[in-house]
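Chemist: Here it is: the structure, laid out below.
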Amino acid sequence: MKNRSSAILAAASGVMLVITLYLTFLWVPMERTMGVVQRIFYFHVPPFFVAGAAILAGLVASIRFLITRDYRFDDLAVSAIEVGWVFDSINLVMGPFWARPVWGIWWTWDARLTSAFVLWLMFAGYLILRRAVDDPSARAVMCSVVVIFQAVGGVIVYMANRWWRTQHPQPVMGGGQGSGLDPRMWYVFLFSLATMLVLFGALLQTRRRLERLRREIDGLRRTVHSEA
Amino acid sequence: MDVLRGTFIIAFKDLRVELRSKEVINAALSFALVILLLFSFAFDPSAEETREISGGLLWLVFIFAGILVLNRSFARETVNDCLDGLVASPLSGAPILLGKAVSNTVLLLVLELVTLPIFGIFYNVRWTVGLGWLLLVLLLGTWGLTVVGTLFSALTVNVSLREAMLPLLVFPITLPILMAAVQLTTTLFSGEPIAPDMVWLRVLIGCDIIFTVLAGALVESVLVG
């Protein structure tokens with residue numbers, strides 16, 4: 001059942017990705033000042049929204065795990081965070097390619113960039129911690145606690161970063177991309193966002209299934225060892 | 001009331017252990033001095049910009065030395081299964097966490113108060129200008145770091161790669177505390193009025209409250225499972 005839904009999602013995301021590529025490179029009008037570079041926008045911003053949705057899903061799943069101790073929520077949490085980490089990586093890698101021609105620099109410690117990088121580090125810390133613990137029940141509890149702290153810390157980091165940088169204004173941030181978008185640009189952006197969310201769903205379902213199978217194998221192995 | 005008493009019992013126990021063994025404080029202090037030395041190679045200590053980055057430098061010293069203290073906080077309880085004894089004792093999780101956080105904060109504050117004058121001498125920073133405010137910032141910043149750090153010290157105590165895991169997890173989460181503390185400390189060192197930076201003091205207090213409540217709520221899951 002779950003297998004089928006992930007297959008449908010995967011097929012849908014494949015079709016939608018092709019459409020997104022068409023829209024991005026052939027259909028949407030050229031941006032006047034930035035030129036062709038601006039088209040990265042449609043592949044750069046949506047993954048960040050997906051990463052945000054991922055940590056939200058991870059947070060909710062972790063809280064529910066701590067309450068119910070149902071390991072399916074632990075599966076969901078790790079799947080969301082791992083896939084979210086990939087999307088955050090895409091966002092982080094694409095950004096500099098846009099920033100170099102437009103801002104003249106690869107990176108600046110601006111509020112959004114810093115937050116995205118901190119989020120990436122938090123995801124990475126979570127995934128490394130997961131690999132460092134063998135006991136499945138201890139691992140699930142520890143990781144849930146970590147996600148809760150990271151989500152709260154992440155929100156405060158974002159807020160604090162805004163105040164932090166308002167004291168040291170960054171000239172490069174003048175006139176954000178959001179100011180006065182052509183409606184067609186909005187359509188492509190929203191379609192790309194939908195595509196990324198469907199892709200996220202497909203990967204999430206597959207990853208959850210993998211985690212469930214892993215857990216089952218781990219349990220069977222333990223049973224065998226205890227009987228031997 | 002019980003929580004308060006338990007907190008003091010644990011805090012005094014830990015401080016007494018530290019006073020007798022001086023296991024952590026000597027190592028952390030020496031480490032802080034080593035970092036101070038390394039800074040002198042990273043930039044020209046006499047430069048005027050030193051004052052502008054002095055708050056950040058000082059807090060880097062504090063958090064790196066602080067991680068040593070935090071790493072030992074629960075690691076020392078693994079010998080002779082002391083941690084199991086603590087968990088099995090009539091105390092609940094909150095006093096254990098708060099007691100250890102208090103003792104870690106005291107240790108770190110001692111370290112900070114020793115490092116501060118040395119930093120002032122080495123890098124020609126006037127740290128006595130707003131000493132009252134500075135002490136408040138040190139206290140609030142250190143408490144926020146240690147309360148998260150202590151919980152994560154309990155969390156990572158049985159993890160392989162513990163020494164690397166703790167900073168990897170704690171630093172990104174406590175970033176807002178660091179940002180606020182760095183900003184306030186730099187302002188105080190430069191001798192400017194602190195009034196425009198009041199928002200950072202509120203960030204610091206807010207973070208302390210949020211993280212203390214969160215750590216208190218989750219410590220039972222961490223210790224008992």
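The values are calculated or read from the model by the stated rules, or taken from the named source; none is laboratory data. Small disclaimer: the values here were computed from a predicted structure and weren't measured. Positions of Cβ are generated from backbone atoms using ideal geometry, with glycine treated the same way; all protein chains shown enter the neighbour counts.
Chemist: Looking only at the range B:154-186, which residues are surrounded by fewer than 24 Cβ atoms within 10 Å (Cβ to Cβ), farther than 20 Å from B:ARG76 by Cα and of a type in the set (Val, Ile, Thr)?
Modeler: B:VAL182, B:THR186
Chemist: Restrict the check to the range A:36-49 and report whether at least one residue is farther than 24 Å from A:PHE97 by Cα and at pLDDT 85 or above. Please lay out each step first, then the result.
Modeler: If we filter the range A:36-49 for residues that are farther than 24 Å from A:PHE97 by Cα, which is where we start, we get none.
Scanning the range A:36-49, I find no residue that is farther than 24 Å from A:PHE97 by Cα and at pLDDT 85 or above, so the answer is no.
Chemist: I've got another one for you. Which members of the range A:130-155 meet the condition of being surrounded by fewer than 23 Cβ atoms within 10 Å (Cβ to Cβ) and of a type in the set (Ser, Thr, Tyr)?
Modeler: Answer for the range A:130-155, where residues must be surrounded by fewer than 23 Cβ atoms within 10 Å (Cβ to Cβ) and of a type in the set (Ser, Thr, Tyr): just A:SER137.
Chemist: Might you let me know whether the range B:150-165 holds any residue that is part of a helix (DSSP H, G or I), among the polar types (S, T, N, Q) and within 9 Å of chain A (Cβ to nearest Cβ)? So that I can check it myself, show each step before the final result.
Modeler: Step one: of the range B:150-165, the residues part of a helix (DSSP H, G or I) are B:150-155, B:162-165.
Filter again for among the polar types (S, T, N, Q), leaving B:150, B:153.
Now narrow it down to the ones that are within 9 Å of chain A (Cβ to nearest Cβ): none.
No, that holds for no residue.
One line per residue, one yes/no per condition, for (1) surrounded by 20 or more Cβ atoms within 10 Å (Cβ to Cβ); (2) within 12 Å of chain A (Cβ to nearest Cβ); (3) modelled with pLDDT of 85 or more:
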{"residue": "B:LEU188", "(1), (2), (3)": "yes, no, yes"}
{"residue": "B:GLY191", "(1), (2), (3)": "no, no, no"}
{"residue": "B:ILE194", "(1), (2), (3)": "no, no, no"}
{"residue": "B:MET198", "(1), (2), (3)": "no, yes, no"}
{"residue": "B:GLY206", "(1), (2), (3)": "no, yes, yes"}
{"residue": "B:PHE211", "(1), (2), (3)": "yes, yes, yes"}
{"residue": "B:ALA215", "(1), (2), (3)": "yes, yes, yes"}
{"residue": "B:SER221", "(1), (2), (3)": "no, yes, yes"}
{"residue": "B:GLY225", "(1), (2), (3)": "no, yes, no"}
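Chemist: Then there's this: Condition (residue is at pLDDT 90 or above and surrounded by fewer than 22 Cβ atoms within 10 Å (Cβ to Cβ)) applied to the range B:140-153: is it met by at least one residue? Give the derivation first.
Modeler: At the first step, the residues of the range B:140-153 found to be at pLDDT 90 or above are B:140-153.
Now restrict to residues that are surrounded by fewer than 22 Cβ atoms within 10 Å (Cβ to Cβ): B:140.
There is at least one residue in the range B:140-153 that is at pLDDT 90 or above and surrounded by fewer than 22 Cβ atoms within 10 Å (Cβ to Cβ).
Chemist: Output the residues belonging to the range A:114-146 that are more than 14 Å from the chain's Cα centre (by Cα) and more than 9 Å from every other protein chain (Cβ to nearest Cβ). Even if it seems obvious, please write down each step before you answer.
Modeler: If we filter the range A:114-146 for residues that are more than 14 Å from the chain's Cα centre (by Cα), which is where we start, we get A:114, A:125, A:128-146.
Matches in the range A:114-146: A:ARG130, A:ARG131, A:PRO136, A:ARG139, A:ALA140, A:CYS143.
Chemist: Follow-up. Looking at (1) within 18 Å of A:ILE148 (Cβ to Cβ); (2) among the small types (Gly, Ala, Ser); (3) more than 14 Å from every other protein chain (Cβ to nearest Cβ), which is the one condition that is false for A:SER62?
Modeler: All conditions are met except number (3).
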